[in-house]
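S.K.: For reference, the structure I am asking about is given below.
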Amino acid sequence: MSVIVPTRNEQGNVEELATRIACALDEYSKWQLVFVDDSDDDTPRRIQSLQMSLPIELVHRQSTERSGGLGGAVLDGFAVASGDILVVMDGDLQHPPELAATLAAAVELRLADVVIASRFVPGATASGLSGRTRRLVTCVTRRAAHLAVPRSRGVRDPLSGFFAIKADVVSTTEMRSQGFKILLDVLAQGWWSTALEVPFAFGRRQSGSSKAGLREGLRFARQLLRSRVHEVASSTGFHTHSVYRPHRGIVKQDSSLGSEFDCQLSSATSASTLLLDVIRPSERSGVEHS
């Protein structure tokens, strides 16, 4: 499996992040940690020092190579990842590294094609969404995403930055992303049929500052517009490019795979008892999906 972490000026977080991921993935015989770094500080050198003891791939993008923002960085990570399972997470420790193994195990056991660490299912907490303004922005952008991408309407957190997928969800398409929220592009463009949301504790940032700002907001607006064009093209039978393949998705929310990290996914038989609350997006939203 491969864990893709886009970073920008996260020198205070990368060592702890890598150490905790290594502990969480100790039972995997082969894994890879891919940092896609857009930093102007000492972050790349900190990552290079970790390469001597851990299976880390570093993609450092110079200032002239940083196209596509956060979404573009994740796509560059997909391009060099060698795993059959891909986990995407932030580098600021708001996403608990220990949960990466749980998300990957759910994909490995074929519980779903896309497994999302969600801030908005029962059992989740979102203390990292500090302040009324940020919570309001999150609420508005979630609604906008559901309007622009009907396939995402059964997903309560379509803008999560922490998720796991089978590699062929994206490897069979020419993914395009110029946005801040790569999961929305995966849901819109990827080759998937089932998604599973599990709760997690979205923590407070440990070091550094948020990268969200006006530029990323404008990218997100363009991302929504482009995603909506895909949806309209699909509904009319005209595709803007050949890689867009709409599916009727099934979305599940499972509170038993939560942030305590104590679920035992030792076999498909025991894991099958964890599935709860199967929701079809068309039934939840009242809209028939392509």
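S.K.: Could you check how many residues of the range 1-18 are more than 24 Å from Ser67 (Cα to Cα), among the small types (Gly, Ala, Ser) and under 20 Å from the mean Cα position of the chain (by Cα)? Before you say what the answer is, go through the steps one by one.
M.R.: Applying the first criterion (more than 24 Å from Ser67 (Cα to Cα)) to the range 1-18 yields 1, 12, 15-18.
Narrowing the set further to residues that are among the small types (Gly, Ala, Ser) leaves 12, 18.
Still in the list and also under 20 Å from the mean Cα position of the chain (by Cα): 18.
Number of matching residues: 1.
S.K.: Identify all residues within the range 16-68 that are modelled with pLDDT of 95 or more, more than 20 Å from Val87 (Cα to Cα) and part of a helix (DSSP H, G or I); write none if there are none.
M.R.: Within the range 16-68, Thr43, Pro44, Arg45, Arg46, Gln48, Ser49 qualify.
S.K.: Tell me, yes or no, whether the range 171-188 has at least one residue that is without any contact (Cβ under 8 Å) to a residue 12 or more places away in the chain and of a type outside the set (Asp, Glu).
M.R.: First, the residues of the range 171-188 that are without any contact (Cβ under 8 Å) to a residue 12 or more places away in the chain: none.
No, that holds for no residue.
S.K.: Taking only the range 19-55 into account, find how many residues are under 22 Å from the mean Cα position of the chain (by Cα) and farther than 23 Å from Gly71 by Cβ.
M.R.: Of the residues in the range 19-55, 11 are under 22 Å from the mean Cα position of the chain (by Cα) and farther than 23 Å from Gly71 by Cβ.
S.K.: In the range 56-66, what count of residues is obtained for those that are over 22 Å from the mean Cα position of the chain (by Cα) and either under 23 Å from Glu108 (Cβ atoms) or surrounded by 14 or more Cβ atoms within 10 Å (Cβ to Cβ) (or both)?
M.R.: Matching residues across the range 56-66 total 0.
S.K.: Among the candidates Arg134, Arg143, Arg153, which residue alone is among the charged types (D, E, K, R), modelled with pLDDT of 80 or more, surrounded by fewer than 21 Cβ atoms within 10 Å (Cβ to Cβ) and farther than 20 Å from Leu103 by Cβ?
M.R.: Details: Arg134 fails: modelled with pLDDT of 80 or more; Arg153 fails: surrounded by fewer than 21 Cβ atoms within 10 Å (Cβ to Cβ).
Just a single option satisfies the conditions, and that option is Arg143.
This table checks each residue for (1) modelled with pLDDT of 95 or more; (2) buried (at least 24 other Cβ atoms within 10 Å of the Cβ); (3) not in a strand (DSSP E or B).
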| residue | (1), (2), (3) |
| --- | --- |
| Gly71 | no, yes, yes |
| Leu75 | no, no, yes |
| Val87 | yes, yes, no |
| Gln94 | no, no, yes |
| Ala100 | yes, yes, yes |
| Leu103 | yes, yes, yes |
| Val107 | yes, yes, yes |
| Ala112 | yes, yes, yes |
| Pro122 | no, no, yes |
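S.K.: Looking at Gly12 and the list (1) assigned to a loop (DSSP other than H, G, I, E, B); (2) buried (at least 19 other Cβ atoms within 10 Å of the Cβ); (3) not charged (D, E, K, R), which single condition is not satisfied?
M.R.: (2) is the only condition that Gly12 fails.
The values are calculated or read from the model by the stated rules, or taken from the named source; none is laboratory data. Remember, predicted model here, so these are calculated numbers, not experimental data. Virtual Cβ from ideal backbone geometry, glycine too; neighbours counted across all protein chains shown.
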